[in-house]
1. To the nearest 20 debye, what charge dipole does the chain have about its Cα centre, counting +1 at the Cβ of each Lys and Arg and -1 at the Cβ of each Asp and Glu?
2. I need to check one value: relative contact order of the chain, counting alpha carbon pairs closer than 8 Å and at least 6 residues apart, in percent.
3. What FRET efficiency, computed as 1/(1 + (r/R0)^6) with R0 = 41 Å and r the Cβ-Cβ distance, is obtained for Thr54 and Ala15, rounded to the nearest 0.05?
4. For segment 2-102, just the Cα set please: Rg and Dmax, both in angstrom.
5. Enter the Cα centre distance for the pair segment 1-15 and segment 50-66, rounded to the nearest angstrom.
6. Order these peptides, 7-17, 47-57, by their mean beta-carbon neighbour count within 10 angstrom, highest first.
7. Which percent, nearest 5, of DSSP beta bridges in segment 2-102 are antiparallel?
8. Arranged from highest to lowest average of other beta-carbon atoms within 10 Å per residue, in what order do the peptides 27-35, 92-100 appear?
Amino acid sequence: MSTLSTHVLDAVRGAPASGVAVTLFAPDGTESATAHTDDDGRVAGLGGDLVPGTYQLRFGTGDYFAAQRVATFYPEVTIAFTVGGERHYHVPLLLSPFSYSTYRGS
């Protein structure tokens, strides 16, 4: 079994993105967990123990930027990733109103 965490950084503000809705979808496409990023832009233990498969994380970026009165091109960001046999997975999101990037964190 594996665990999952995420971290969202607002690249324009140079600060953590707090209050971003995060939804985890299981390999079969069902919603398996929801959370909001904390004051440090993090969600520590999303979804409990994960079995191998391809998951998706959906970030509510539109609502986050709307709360700041900032226009954005992306109402949401969805990242698909594969869970294998490793113990922990960290999927960070670097966010701005008109672009985003992600990478395999540690």
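1. Using Cβ point charges on Lys, Arg, Asp and Glu, the chain gives about 240 debye.
2. Across the chain, relative contact order equals 32 percent.
3. 0.85
4. When restricted to Cα atoms, segment 2-102 yields Rg and Dmax of 13.2, 42 Å.
5. The distance from the Cα centre of segment 1-15 to that of segment 50-66 comes to 11 Å.
6. The peptides rank, most packed first, as 7-17, 47-57.
7. So the antiparallel bridges amount to about 75 percent of the total.
8. Highest-to-lowest ranking by the protection proxy: 92-100, 27-35.
Coordinate-derived values only; no laboratory data. Because the structure is a prediction, the values reported are computed rather than measured. FYI the Cβ positions are ideal-geometry reconstructions off the backbone, even for glycines, and counts take in every protein chain you see.
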